[in-house]
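Following: one structure in structure tokens, then a few remarks.
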Amino acid sequence: MYWTLKRMISIGLGCVFVGIVLFYAYLQSRAIIAGPQIVLESPQNGITATTSLLAIRGTITNAKETTLNGRTLFIDLKGNFSEQLLLAPGYNIIELTAKDTKGREVKRVLEIVYDEEETSMRTATTSSKQDILQN
């Protein structure tokens with residue numbers, strides 16, 4: 001068997017083609033391998049909220065089912081979501097869950113404190129300033 005230039009080039013091109021196909025397959029399957037992911041834009045964990053209405057925004061990728069505190073969360077085609085929650089006075093726990101087709105699950109827990117007294121003090125201060133300005 002002779003190693004001619006033509007034969008070496010064809011074997012080299014075959015190896016390059018197989019390498020490209022394997023690399024492409026890896027790139028396409030990496031989302032399946034990684035599983036679901038949750039990225040929260042706002043709010044940050046551990047904040048003290050001054051209003052009872054809280055906007056939660058973020059992105060969820062590679063998920064089949066998404067829930068926010070046990071109820072279904074709807075996401076757009078790019079995986080973005082935006083929901084508003086009404087906080088109870090005091091300590092609140094918000095749980096965000098994403099599951100993929102393989103059954104893998106990712107959870108993000110937010111712990112947020114709603115300080116109702118701070119809000120009422122701010123309202124009282126604002127109303128007293130308005131009374132002073134009117135008189």
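Bear in mind that the values in this text are calculations on the coordinates, not laboratory data. Predicted model only: the values in this text are computed from it and were never measured. Glycine gets a Cβ as well: all are built from the backbone with ideal geometry, and neighbour counts include every protein chain shown.
Helix 5-34 sits at what angle to the longest principal axis of the chain, using alpha carbons and giving 0 to 90 degrees rounded to 10?
For helix 5-34, the angle is close to 20 degrees.
Assuming 0.36 nm per residue, please report the length gained on full extension of the stretch Asn45 to Asp76 beyond their Cα-Cα distance.
Gain on stretching Asn45 to Asp76: 8.8 nm.
Which of the lysines could be linked to Lys78 by a straight reach, that is with a Cα gap under 25 Å, when you skip same-chain ones fewer than 8 residues away?
Lys64, Lys99, Lys102, Lys107
Cut-off 10 angstrom, C-alpha nodes, Gaussian network model of the chain. Which of Gly35, Gly14, Gly58 fluctuates the most?
Highest fluctuation among the options: Gly14.
Multiply the residue gap between Tyr24 and Lys6 by 0.36 nm, knock off their C-alpha separation, and tell me the result in nm, one decimal place.
Stretched fully, the Tyr24-Lys6 segment lengthens by 3.8 nm.
What ranking do 105-116, 23-34 get when scored by the average of other Cβ atoms within 10 Å per residue, highest first?
For the peptides 105-116, 23-34, the packing ranking is 105-116, 23-34.
So what is the relative contact order for the chain, in percent, with contacts set as C-alpha pairs under 8 Å and at least six apart?
24
Angle between the Cα long axis of helix 116-134 and the longest principal axis of the chain, 0 to 90 degrees, nearest 10?
50
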